[in-house]
Amino acid sequence: MKTTKHLVLAVILIVGLTGVAYAYPQPPPNPEVSTRLTLSANKSTVRANTPVTFSGQLSASKSKCYKNLPISIYRNGVLVGSATTGSTGRFSVVLTVSSTATYTAKFDGAIVGLHPDVKICNASVSRGVKITICRSHLGYRPGSAARTGCH
């Protein structure tokens, strides 16, 4: 009789532990994904009120963290434009530059995907890109842009 009780207790214990194992599965792998953001401009020195094309790329190890995501463009820390990345993470925006300034791109991060494939895309900021407004010197004459360093 004691052997039967021990066998029943052992079965209950094994079933109970197995149930606990199914009720509390292992945690999923870390869903955080690092991102990297670049920014460049097609010109670095321009006349005031000249359109400049800013382009860049959002990179990550998971495509969900770079496809079709919003990018903000800042001039000296003030929001001046926005873009959306394409399927490869590339983006482009044209802004009119009126004064010398440093431009940066910012990705605020995102939570993407559906359970159990949710990814937390970490925020990132590009390096600054300085755009300089050229100034004419005292001897400026129309058509002498090359002499002033202005393109």
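The values are calculated or read from the model by the stated rules, or taken from the named source; none is laboratory data. Keep in mind that this is a model prediction, so the values were computed, not measured. Here the Cβ positions follow ideal geometry from the backbone for every residue, glycine too, while neighbour counts run over all protein chains shown.
Taking the criterion of being of a type in the set (Gly, Ala, Ser) and either within 12 Å of Gly56 (Cα to Cα) or not in a strand (DSSP E or B) (or both), the residues of region 84-121 that qualify are Gly86, Ser87, Gly89, Ser92, Ser98, Ser99, Ala105, Gly109, Gly113. Test His151 against the stated conditions and say whether it is touching a helix residue (DSSP H, G or I) at 6+ places or on another chain (Cβ under 8 Å), more than 16 Å from Ser44 (Cα to Cα) and at pLDDT below 95. Against the criterion (touching a helix residue (DSSP H, G or I) at 6+ places or on another chain (Cβ under 8 Å), more than 16 Å from Ser44 (Cα to Cα) and at pLDDT below 95), His151 does not qualify.
If the condition is being at pLDDT below 70 and either at positive phi or aromatic (Phe, Trp, Tyr) (or both), then region 15-69 contributes Tyr22, Tyr24.
Gly81 passes all but one of (1) more than 21 Å from Lys64 (Cβ to Cβ); (2) part of a loop (DSSP other than H, G, I, E, B); (3) among the small types (Gly, Ala, Ser); which number fails? With (1) more than 21 Å from Lys64 (Cβ to Cβ); (2) part of a loop (DSSP other than H, G, I, E, B); (3) among the small types (Gly, Ala, Ser) applied to Gly81, the lone miss is (2).
Determine, yes or no, whether Gly77 is at pLDDT 95 or above and within 12 Å of the chain's Cα centre (by Cα). So Gly77 fails the test.
When Tyr140 is tested against (1) at pLDDT below 95; (2) over 26 Å from Val46 (Cα atoms); (3) surrounded by 12 or more Cβ atoms within 10 Å (Cβ to Cβ), just one condition goes unmet, and that condition is (2).
With respect to Thr104, determine if the residue is modelled with pLDDT of 95 or more, surrounded by 13 or more Cβ atoms within 10 Å (Cβ to Cβ) and hydroxyl-bearing (Ser, Thr, Tyr). Spelling it out, Thr104 is indeed modelled with pLDDT of 95 or more, surrounded by 13 or more Cβ atoms within 10 Å (Cβ to Cβ) and hydroxyl-bearing (Ser, Thr, Tyr). Considering the conditions (1) among the basic types (Lys, Arg); (2) more than 16 Å from the chain's Cα centre (by Cα); (3) farther than 18 Å from Thr102 by Cβ, Lys64 is excluded by exactly one of them, (2). Residues that are in a loop (DSSP other than H, G, I, E, B) and free of Cβ contacts under 8 Å to residues at least 40 places away in the same chain within region 67-78 comprise Lys67, Asn68, Asn76, Gly77, listed in sequence order.
Note on region 76-101: among residues that are polar (S, T, N, Q) and more than 17 Å from Ala41 (Cα to Cα), the one that is surrounded by the fewest Cβ atoms within 10 Å (Cβ to Cβ) is Ser87. Hey, among the residues in region 107-116 that are touching a residue at least 24 places away in the same chain (Cβ under 8 Å) and loosely packed, with under 15 Cβ neighbours inside 10 Å, which one's farthest from Leu37 (Cα to Cα)? Top of the filtered list is Pro116.
Taking Ala145 as the residue in question, decide whether it is at pLDDT below 95, among the aliphatic types (A, V, I, L, M) and surrounded by 13 or more Cβ atoms within 10 Å (Cβ to Cβ). Here the answer is yes, as Ala145 does meet what is asked.
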